[in-house]
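What follows is a set of notes on a single structure, which appears directly below.
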Amino acid sequence: MQHLPWRAALQQASKSTTRITVSRASSPFLPLSRYPRRFSSPPASLFASRSFSTSLSRQKEKNPKFPPESQEETKNELEEDQSKQPKAQEESQDLEGKSGLPEPIPSSKAGDARGSTGSDGSSGSNAEGGGGKKRKQGDRSLVKPSIPEVYPQVMAIPIGKRPLFPGFYKAITIRNKEVGQAIADMVKRGQPYIGAFLLKDDEADKDVIDSPDEVYDVGTFCQVTSAFPVGPDDNFAMTCVLYPHRRIKMTDLKPPPADKLQEPAAEDSSQSKGDVVASFEENSADAGRIAQLYDTVAFLRDRKVSIANVENLVEEPFDLKASKVIPALVSEIVNTFKAVALLNPLFRDHISTFSVQTTMNVGEDPVKLADFAAAVAQADSHELQEALEDMNVETRLSKALLVLKKELMNAELQSKIVKDVETKIHKKQREYWLMEQMKGIKRELGIESDGKDKLIEKFNEKASKLAMPEAVKKVFEEEISKLSHLEPAASEFNVTRNYLDWLTQLPWGQRSAENFGIQHARQVLDEDHYGLKDVKDRILEFIAVGKLRGTVEGKILCMVGPPGVGKTSIGKSIARALNRQYYRFSVGGLSDVAEIKGHRRTYVGALPGRIIQALKKCQTENPLILIDEVDKIGRGHNGDPSSALLELLDPEQNNSFLDHYLDVPVDLSKVLFVCTANLTETIPRPLLDRMEMIELSGYVADEKMAIAERYLAPSAKEISGLKDADVELHKEAIVELINKYCRESGVRNLKKQIEKVYRKAALKIVTDLGDEVLSESTALTDEGKAAQREAEKDTSDVKETPENIEQETTETPRVALKVPDSVHVSITKDNLQDYVGPPIFTADRLYDTTPPGVAMGLAWTSMGGAALYIESILENALSSNSHPGLERTGSLKSVMKESASVAYSFSKGLIARDFPKNRFFEHAKIHLHCPEGATPKDGPSAGITMATSLLSLALNRRLDPTIAMTGELTVTGKVLRIGGLREKTVAARRAGAKMVIFPADNLSDWLELPENIKEGIEGKPVSWYHEVFDLVFPNIDREASNKVWEKELKGKKEKKRGKERSREEKDEDESGDDDD
C-alpha cells in the first residue's frame, strides 16, 4: 500500500491523451525520425518497427492472440508494406540506430490492442476499429514518446569518469554478461529504463554497484535507445546508447545476489509480474492485481544486477524575470561558448548541434543551458557531479560557468602551443627553402659543390694518403659508389658514412719508427723499475732480436705475478723503450665478444672492437697494446671472449684479423701484445699456449727499500702538496714500514702507507700554522672569490643543481699555497706510530723458538710467497692403553689432506724401521693444524713439512726455527718437484730463514734466482726424505730416541694389569651372587 500514490499517478498518466507533450527533460530539440511510426499491439509492434540488437540468444515468443479482424488487418498491412516499401524497415532500423528516439512504454499484454498512445491521437477504446483503417490509408502520424513520470525502482548502472546530464546522449559499454542480459530483457519487455550513477573512484570499471558508498546518490533516469553487441562472442561486450531524461536520487540499493537461485519467468507469459500495465479500461475490480504489479523490476531480482529505489528531483523554482543574476550568468556562458568555439572546432560542432535541436531562445531555459555547458566541458568528475546534484538554477549556472571557464583556459593554452609550434615550423621551413635556393645558386655559379660531393671528395683525399691493401681499396670504392647514389636524408646514408669514416681513419701502412737501442732500453727500464733483472733481460733479448731482424712482430708476452709488482707499468716502459704508441684496455669481467671483434653494421650504434679502436687512437700499425687482467676474463650469453682472443693473439692468424664491423682483413702482426695476469690456472690452455710467460715474483726487503726511496716517497710527497717543504721520511722509518706494516710481495700497500705518512704530515703542518699563515683569502683567485660569494647566497639543497651554477663555478678557483721554509717535519722510526698507527706484524717469525712438533714450511699464494707453519700436538696423555689417531684442521683442502695422510703413514713407517722401540705412533692421538684457519690451503708441497712436524713430536726434539722447507712427499720417502720457488724463497727471507730445503728437481730454479734474494740463505736440494731427516735432526742419539716414551708406556702397562685383575675379581663375585 505504500506505493499507491505512484499507482494513482500512473493511472492518471495512462488516461491522458495520446499526444502527450514531451516534458522539458525529454528535450524538445531531440532529432526525430523522418519516417512515421506505427504503434499497434505492443510489444510485437515494438519489435517489428525497432531492432534492439544484442549478443544474447532470445526465446521465441508465442503468437499474440489478436482478434480476427485485427489479425487480418495486420497481415494485409504487412503485405502492403513488404510489396511497396521493401527497404523501409532497413532504413528505419538504420535511422533508429543513429537517432535513438525514445519510445513509449508498451502494454504488457501481447494480445491486447489497447495502449497508452494511438496512431491518430484517439483514445484506447476505439483503437481497434478506426486505428486499423487509418493505417491502411497510410495516414501515419508523428508520435512523441511518453516517459513515465514516476518510476520508483530501476536497475542501477555505475558510470565512470563523467556523469550523464538530462537531454544528452551517452554511449556506454557493458562487459558483465548478467547486466547485458538484463538490459536485453528490459528492452524486450518494453521497459528500457535504467538509473545511471557516477562512480566515486575514477579508476573503477564495473557494471554493478555492490555498495551505495561506491557511487554518488544523485544520478539520471535514462532510457536505453539502442543496444548492440561488439567484439568477439567469447569476450562479451554490449554497447548501449542512453538518453537521460531527468535527475533522480537513490534512496536504497539492493546489491546483486551472491548466487542465482532460479531462472526468470517465461517471457511469453500473458501476465508477467514485472510488466508495467497502463490500461485505459482499468476498473476497480483490478485493484487487487495492482498491488502486485507495482514492482517494475521484479523479474530482475534473482539476477546479479544492482536494483535501486529512486525518487525524482525537482529544480527549485526561480523567476527568470525577477532575477538579475541568472540572465547575467546565461549571457556570460553564451559569451564563453563563443570564445571556446573560436578556439576549439569540437565545441563549434556541439554548439551547432545544440542550436539546431532547440527551438527556443537560450535565455528562456537556463536549466537546459547549464546542463549543456556541463555536458560538453572537460572537467573533473566531482565538479561535474556537483553541477548535476545542485537543484538551484543560479548555483548550477555558476558551477557550469566555472567548468566552462576552465575549458576556455585550456583551449587558449592549446591554441598558444599550436601557434608557437606552427611559427617554429614555418620558420624552419622558410630557412630550409632559402638554404636550398642558396645552394642551387652557388652550384650554378660554381662557388660551392653539394655537401655529399664534398664529403665524397674528403674521403677520397684521405684514402689517397693511405696505403690500403687491394681488398680494402676494393671495399672502399664500392662504399663510395653506394654513398654517391644515396640521398642524405636516407638512413643508409649515415651508416655508409660512418663506415667510410672508420675505414679512412685507420693507419693503413703507417708505422712509427722503432728504437732498438739496447742502452736506451736498459736506461728506460732502470728508470721506471728497480730489480726485476730476469724480466729486464728477457725484454732486452726481445729488443736485440728485433734490432737484427728489423721488427719484433710475432711475439705475445704475458707478465704473470702477484698484485703490485709492476706488471702494467713495465708494459708502458717497454713501449717507451721501443718508441711505440701505447694503448691499454682491461678484459677483466668482459663477457661480450663484440668488445673484441666489434658489432655488425646492422645494429644501431654499432662500433668496431677495442683492437680497431686502438689502431685509430694510436694512428700507427705497430703500437704496443696491453691487455690487462687476461686471467679474469668472463663468459656470458654473448659468447666467449677468451676464444675470440685466440685469433687475436695467434701470430699465425692475426695477420688477417677480421672485425665484424669493418668486415675487411686487418694486419695485426706488427702489433706488440703484452698481457698481464695474476694466475695462470684460470687462463684457458689454448690461450696460454699462444703466449710467452714472464714471471714476476715479489720484492724482498732491500728491493722494496730502493723502490720506496727512488719512486714511491718522491711521488707521494708531491701529490700531498709537500714537494718544496722540509718534510723528511727517514730510511729507518721506511724499513719499519716494510718489516712491520707491509710484508706482501708487491709495493702497492707500501705506497699507500707512505702516502698516508705524508698526508698526516700535511695535516699537522696546516693545523700548527693555522689560518693566519695559510689563509683562504690568499689561496682563492679573484674568480674563485666571486664564485664563493655567489655560492654563499645559494640556499638550495646540495642535492639540487642551482639555477645560477655558472656564476658559482670558475676554471681556476684557487692556487696552491707554499709551506714556509721555517717548517721542519721529520718522520723517524720512533714517531712513525703517530702517523700510521701501531704495527701490524710484531715479529719476523711466528715462533722465535719452536716447540717439538712445529716446523716452518713455505707456501705460494696469489699475493706471493708466505711462511706456513705446521703444528702437531698430543691430544691425550700417552699411555699403553691409549688408541692412536690423527685429526687435521686449518681449512685444508683435499690435496693437503692427502699430503697429511701420506706424511702420517710415512712417519709411522720411518719410526718403526729406524726406531723400533719407539712405540709413540702406536698409542698417540695426534692433532695436526695449520695456523690461520680462515685461509683455505691446498697444494702438495707441504708433504716434507708435515712429516718433519710429526717426527719432531714423535722424537720429542725441537727444530731449528731458521730452517724452512718445501717439497712433495711420497709414501716411500721420495721428494718431488714443486712450483713457485722464487716466491717461497722471498717469503723465507722475510721470515728470517737461513736454510731452505727444496727438491733437487728445482735446482735449476734455485740457480736462476738473483743473488740479492739468495743472499744469507743456504739452499739444500734433496731427493729423498732421509736427506731432510739428516738436515733437521743432525747428530741424533738413536738409543735415546728409542727410549724417549719408554717410561710413560711402561708405567701405564703395570697399572693396566692391576686394573684388569681387580675387574676380573669383581666380575666373579657378581656372577656368584647371581647363582645364589
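The values are calculated or read from the model by the stated rules, or taken from the named source; none is laboratory data. Just so you know, these numbers come straight off a predicted model, no measurement behind them. Note that we place each Cβ from the backbone using ideal geometry, even for glycine, and neighbour counts take in every protein chain shown. The accessibility values were calculated without ligands, DNA or RNA, using every heavy atom of the protein model including side chains. Shrake-Rupley method; radii C 1.70, N 1.55, O 1.52, S 1.80 Å.
So the values come out like this:
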| item | result |
| --- | --- |
| Subset of K547/K752; K188/K254; K170/K399; K731/K984 violating a 28 Å alpha-carbon distance limit | K547/K752 |
| Centroid-to-centroid separation of the stretch 746-824 and the stretch 208-240 [C-alpha atoms, Å] | 72 Å |
| Check: the stretch 947-1049 dipole with +1 on Lys, Arg Cβ and -1 on Asp, Glu Cβ, in debye | 220 debye |
| Positive-end residue, the stretch 779-935 charge dipole about Cα centroid, Cβ charges, pick of Q833, N881, A866 | N881 |
| Calculated FRET efficiency for the pair K723/V773, C-beta based, R₀ 25 Å, to 0.05 | 0.85 |
| Selection from Q523, S586, T551, by position along the positive dipole direction of the stretch 512-588 (Cβ) | S586 |
| Cα centre as origin, Lys/Arg/Asp/Glu Cβ charges: the stretch 786-872 dipole, Debye | 520 debye |
| For F1029, net neighbour charge (Lys/Arg +1, Asp/Glu -1) across residues whose Cβ lies under 13 Å away | +1 |
| Charge sum, other residues only, whose C-beta stays under 12 Å from G636's C-beta, Lys/Arg counted +1 and Asp/Glu -1 | -2 |
| Solvent-accessible area per residue, Å², over the stretch 618-735 with all protein chains present [probe radius 1.4 Å] | 40 Å² |
| Part-to-part distance (alpha-carbon centres) for the stretch 366-432 and the stretch 564-581, which is given in Å | 73 Å |
| Inter-centroid distance (Cα atoms) of the stretch 852-916 relative to the stretch 985-1003, Å | 20 Å |
| Environment charge of S891, counting only residues whose C-beta is closer than 12 Å and scoring Lys/Arg +1, Asp/Glu -1 | +2 |
| Packing rank of 499-509, 1008-1018, 414-424, 239-249, where each peptide gets the mean count of other beta carbons within 10 Å, highest leading | 239-249, 499-509, 1008-1018, 414-424 |
| 26 Å Cα-Cα threshold exceeded, pairs from K617/K670; K760/K829; K338/K419; K567/K670; K1020/K1047 | K1020/K1047 |
